[in-house]
Amino acid sequence: MGLAKFTEIVSLSNDEISEAIIEAENQLFNLRFRQATRQSFKSHEIKNTKRRIAQLKTLLTTRLQNLEQEAN
């Protein structure tokens, strides 16, 4: 899995972003578990997954803040 472009993430809906966050957090858990049990894995995937989670959470937070400002 390569890193997704931020422009690809922007096109997702809020529900899809939430689902992607949950999926990425599960993937990160599995990668850390593999690391702890010394199973084979690609170490760069941890960094990439963390970055993807950060991008998704940032986008979701800014969208929710914009909705909140529009409501006021």
C-alpha long axis of helix 14-36 to longest principal axis of the chain, angle in °: 20
Folded to 0 to 90 degrees: helix 44-71 orientation relative to the chain principal axis, Cα: 10
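Explain nothing, just the number: dipole magnitude of the range 12-71 about its Cα centre with +1 on each Lys and Arg Cβ and -1 on each Asp and Glu Cβ, in debye rounded to the nearest 20. Don't skip to the end; give the middle numbers.
On the way: 10 positive and 8 negative charges, 135 e Å.
It comes to approximately 640 debye.
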Choice from A54, A20, A36 with maximal GNM fluctuation in the chain (Cα, 10 Å cutoff): A36
For the chain: rounded, prolate or oblate by the Cα gyration tensor [a/c cutoff 1.5]: prolate
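Tell me, what is the percent relative contact order of the chain, built from C-alpha pairs under 8 Å that lie six or more residues apart?
Numbers: 31 pairs, mean separation 28.8, N = 72.
Taking the mean separation of contacting Cα pairs over the length of the chain, I get 40 percent.
A short reminder: the numbers here are calculations on the coordinates, not readings from a lab. As the structure is a prediction and not an experimental result, all values here were calculated from the model. For neighbour counting, all protein chains shown are included, and Cβ atoms are generated from backbone atoms with ideal geometry for every residue, glycine included.
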